[in-house]
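Working notes, structure below.
The values are calculated or read from the model by the stated rules, or taken from the named source; none is laboratory data. Values in this document were obtained by computation on a predicted structure and should not be read as measured data. Here Cβ is always computed from backbone atoms with ideal geometry, including for glycine, and neighbour counts include all displayed protein chains. Calculation scope for accessible area: heavy atoms of the full protein, side chains included, ligands and nucleic acids excluded. Shrake-Rupley method; radii C 1.70, N 1.55, O 1.52, S 1.80 Å.
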Amino acid sequence: MGFLAIAHRGASGRAPENTHASFAAALALGAEAIELDCQLSADGELVVIHDETLDRTTDGRGPVGDRTWEELARLDAGAWFDASYAGERIPRLDDVLARVRDRALLNVEIKSARDVGAIEAKLAALVAHADATEWVVFSSFHWDALRTLRATAPWARLGVLCDDDPRRGGLALALELRGEAIIPGRRWIDAGVVAEAHARGLDVWVWTVNEPGEMRRLLALGVDGLFSDWPERLADLARLFEA
Ligand code: G3P
Ligand code: MG
């Protein structure tokens, strides 16, 4: 697979993160992949939102997981970003799958520690039912969730999120789980990490990079994907490195 420009929470620099607006913007900008954050509502719906509380990105208050889907669906998830986005809603994952199908790779991050043990089977069932197994890649900082997903879904495409040097466990876990990528933060990336991952057949995707100088550094190291709130910057630079 070629280099992936991954729209972080959609094109979240220009539209409210994790909404249909930010995903539509990412597709319009030509991002090859979209990342989103997934959590469970109180009644077990798979919903798309980053924080464990509603306060920052909606007009609601308190934990996401304490609210039913009916309650979440009424909240405004756009006005906090800009008045022109008032009326954007917290999406359900099944809706996003329907809109992204055949247009981009989708990286579904299991976000909340509270959901570990409960969300994996639901995610696997939804993605299988949607016939999306080939273009959804699951990831999480909660490595137990990835272990459970692998046990539940032998077909699942997995990336191992690392909040530490990947040589301290992330690389080994990706191999153990037959993952396809390690996904470290940018501060952990140097030529040695990239070489070790590639030698093991693993791709290296890096979060979250918005500054063009840092994009250039990472592209020159040969990383396979970058997450950015501004995926259009990546597309322009990646073309230079391919030329
Ligand atoms: O998956 C990459 C990145 O999204 C991880 O951090 O906090 O933005 O979900 P966060
Ligand atoms: Mg994320």
> Of all residues in the range 83-127, which are buried (at least 19 other Cβ atoms within 10 Å of the Cβ), assigned to a helix (DSSP H, G or I) and within 16 Å of ligand 2 (Cβ to nearest atom)?
Replying inline: L93, V96, V100, D115, I119, L123
> Under 9 Å by Cβ, and 6 or more places apart or on different chains, what pairs join a residue from the range 134-155 that is assigned to a helix (DSSP H, G or I) and away from ligand 2 (no atom under 16 Å from the Cβ) with one that is open to solvent by 30 Å² or more (accessible area, probe 1.4 Å) and basic (K, R)?
Replying inline: R150/R178
> Which residue, of E35, E45, is of a type in the set (D, E) and within 16 Å of ligand 1 (Cβ to nearest atom)?
Replying inline: E35
> Only one residue in A24, A5 is under 30 Å from D236 (Cβ atoms), outside any loop (DSSP other than H, G, I, E, B) and open to solvent by 40 Å² or more (accessible area, probe 1.4 Å), so which one is that?
Replying inline: A24
> Which members of the range 225-241 meet the condition of being of a type in the set (A, V, I, L, M, F, W, C), more than 16 Å from ligand 2 (Cβ to nearest atom), open to solvent by 20 Å² or more (accessible area, probe 1.4 Å) and within 20 Å of the chain's Cα centre (by Cα)?
Replying inline: A235
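Output the residues belonging to the range 221-242 that are of a type in the set (A, V, I, L, M, F, W, C), within 16 Å of ligand 1 (Cβ to nearest atom) and modelled with pLDDT of 95 or more.
V223, L226, F227, W230
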>> For a quick check of your reading of the model, give me the residue pairs whose first member lies in the range 211-224 and is open to solvent by 40 Å² or more (accessible area, probe 1.4 Å), whose second is outside any helix (DSSP H, G or I), with beta-carbon atoms closer than 7 Å and at least 6 apart or on different chains.
In response: L221/I189
> D164 passes all but one of (1) part of a helix (DSSP H, G or I); (2) of a type outside the set (S, T, N, Q); (3) farther than 21 Å from A11 by Cα; (4) within 16 Å of ligand 1 (Cβ to nearest atom); which number fails?
Replying inline: (1)
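Inspect all residues belonging to the range 84-97 and state whether any of them is closer than 20 Å to A121 by Cα, among the basic types (K, R) and modelled with pLDDT of 95 or more. First the steps, then the outcome.
Step one: filter the range 84-97 for residues closer than 20 Å to A121 by Cα, giving 91-97.
Now drop any that are not among the basic types (K, R), which leaves 92.
Narrowing the set further to residues that are modelled with pLDDT of 95 or more leaves 92.
Yes, there is a match, as at least one residue in the range 84-97 is closer than 20 Å to A121 by Cα, among the basic types (K, R) and modelled with pLDDT of 95 or more.
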> Does E71 meet the test of being acidic (D, E) and under 15 Å from the mean Cα position of the chain (by Cα)?
Replying inline: no
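Quick check, is D43 free of Cβ contacts under 8 Å to residues at least 24 places away in the same chain, among the charged types (D, E, K, R), surrounded by fewer than 19 Cβ atoms within 10 Å (Cβ to Cβ) and assigned to a loop (DSSP other than H, G, I, E, B)? Spell out the reasoning first.
On the way: free of Cβ contacts under 8 Å to residues at least 24 places away in the same chain: no; among the charged types (D, E, K, R): yes; surrounded by fewer than 19 Cβ atoms within 10 Å (Cβ to Cβ): yes; assigned to a loop (DSSP other than H, G, I, E, B): yes.
Considered against the rule, which asks whether it is free of Cβ contacts under 8 Å to residues at least 24 places away in the same chain, among the charged types (D, E, K, R), surrounded by fewer than 19 Cβ atoms within 10 Å (Cβ to Cβ) and assigned to a loop (DSSP other than H, G, I, E, B), D43 comes out as no.
Going by the structure shown, is L36 out of contact with any helix residue (DSSP H, G or I) (no Cβ under 8 Å at 6 or more places or on another chain) and within 16 Å of ligand 2 (Cβ to nearest atom)?
Working: out of contact with any helix residue (DSSP H, G or I) (no Cβ under 8 Å at 6 or more places or on another chain): no; within 16 Å of ligand 2 (Cβ to nearest atom): yes.
Answer is no for this residue.
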